[in-house]
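One structure is given here, and the rest of the page talks about it.
Every read-out reported here was derived from the displayed coordinates using simple, explicitly stated rules and does not represent laboratory data. Source: prediction; values computed, not measured. Glycine gets a Cβ as well: all are built from the backbone with ideal geometry, and neighbour counts include every protein chain shown.
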Amino acid sequence: MSSDPFISFSGVSKSYDGVANVVEGLDLDVARGEFVSLLGPSGSGKTTTLMMLAGFESPTRGEIRLAGKRLDNKPPHQRDIGMVFQNYALFPHMTIAENVAFPLSVRKIARGEQKTRVKRALEMVELSQLAGRRPAQLSGGQQQRVALARALVFEPSVVLMDEPLGALDKRLRESMQYEIMRLHRELSLTIVYVTHDQNEALTMSDRVAVFSDGRIQQAATPTELYENAANAFVANFVGENNGLTGRVLVGDGEWAALQLRDGSTVY
Ligand code: ADP
């Protein structure tokens, strides 16, 4: 990792009233243009981490920087960060074009400029012909593309996605994965992507941060996670996706073995 990361978490912890250290001692750097997934089981602290970066939650300890500047208590709409949620969070009473324009009106962008940018964002996700409809008239996949357009319309450097494809069926999910990867490449976006789905994280990301119990167990490329898991949790959690019929066993990083379903072990 370069000495000047684009996003950095340093010693970040978060406690809620009565719930201590939902996230604990988090250190993570993300380079400009990188696609990093936060992968882990439900309740491991992924969303809380994303919400602190977005500005919807504040760290209890530690600091988060974007482009070298501390984010501290900067409100979400001043952070140069777009967000996509699992439930799309579209406004039902607004048209698609009005939904996509929303971040621009919050930022007090002139009307004419809003129109140009909304048009471009809808073209980017191939929804121009649906601009006048309301969310309820769209399929789930189309609604998620509107949410993507809305996150991209103010041209943020960073886009955060929280289980964005969780509500879609498998086929649609796969085509949306490619669409997100294309946008990442074409727009040189920095993406932080939350998922509990190993397959999704490992196919889409440059690097994956594996979470468990509020801590990052390992942050590495998909290949490194397979070939050099830091501990048994990572080996098992990532290994569930490795297409083999057994479990990867790791002891203190000293040795690794594959235990097959029939009980035999391969070294
Ligand atoms: P994940 O995204 O990995 O599923 P979360 O970050 O949503 O995990 O949650 C981590 C833990 O923090 C969970 O145990 C959850 O119950 C707790 N938590 C999340 N938000 C709050 C909150 N607002 N108040 C109290 N506890 C919370």
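Worth a mention:
- A count restricted to the range 141-162 and to residues that are touching a residue at least 40 places away in the same chain (Cβ under 8 Å) and either of a type in the set (F, W, Y) or surrounded by fewer than 19 Cβ atoms within 10 Å (Cβ to Cβ) (or both) stands at 3.
- Criterion: over 16 Å from A219 (Cα atoms) and either among the charged types (D, E, K, R) or surrounded by 12 or more Cβ atoms within 10 Å (Cβ to Cβ) (or both) - qualifying residue of L50, L38, L104: L104
- Residue tally, condition touching a residue at least 12 places away in the same chain (Cβ under 8 Å) and of a type in the set (F, W, Y), over the range 7-29: 1
- The set of residues in the range 66-113 that are part of a loop (DSSP other than H, G, I, E, B), of a type in the set (S, T, N, Q) and in contact with a Lys or Arg (Cβ under 7 Å, 6 or more places away or on another chain) contains only T95.
- Any hit, the range 172-180, residues being away from the ligand (no atom under 16 Å from the Cβ), buried (at least 20 other Cβ atoms within 10 Å of the Cβ), on the phi < 0 side of the Ramachandran plot and touching a residue at least 60 places away in the same chain (Cβ under 8 Å): no
- Qualifying residue in the range 56-75 (condition: within 12 Å of the ligand (Cβ to nearest atom), under 30 Å from N99 (Cα atoms), of a type outside the set (K, R) and surrounded by 15 or more Cβ atoms within 10 Å (Cβ to Cβ)): yes
- Matching residues, the range 4-52, being more than 8 Å from the ligand (Cβ to nearest atom), small (G, A, S) and part of a loop (DSSP other than H, G, I, E, B): A31, G33
- Helices (runs of 4 or more DSSP H) within the range 118-223 that include 1 or more residues within 18 Å of the chain's Cα centre (by Cα), within 22 Å of N87 (Cα to Cα) and of a type in the set (V, I, T): 140-152, 170-186
- Unique match (being among the charged types (D, E, K, R), out of contact with any Lys or Arg (no Cβ under 8 Å at 6 or more places or on another chain) and closer than 20 Å to Q78 by Cα) among R150, R134: R150
- Selection count where residues are buried (at least 18 other Cβ atoms within 10 Å of the Cβ) and either hydrophobic (A, V, I, L, M, F, W, C) or within 16 Å of the ligand (Cβ to nearest atom) (or both), scope the range 184-204: 12
- Any pair with Cβ under 8 angstrom, 6 or more apart, that starts in the range 57-69 at a residue that is at positive phi and ends at one that is more than 16 Å from the ligand (Cβ to nearest atom) and of a type in the set (G, A, S): G62/S10; G62/G11; A67/S157
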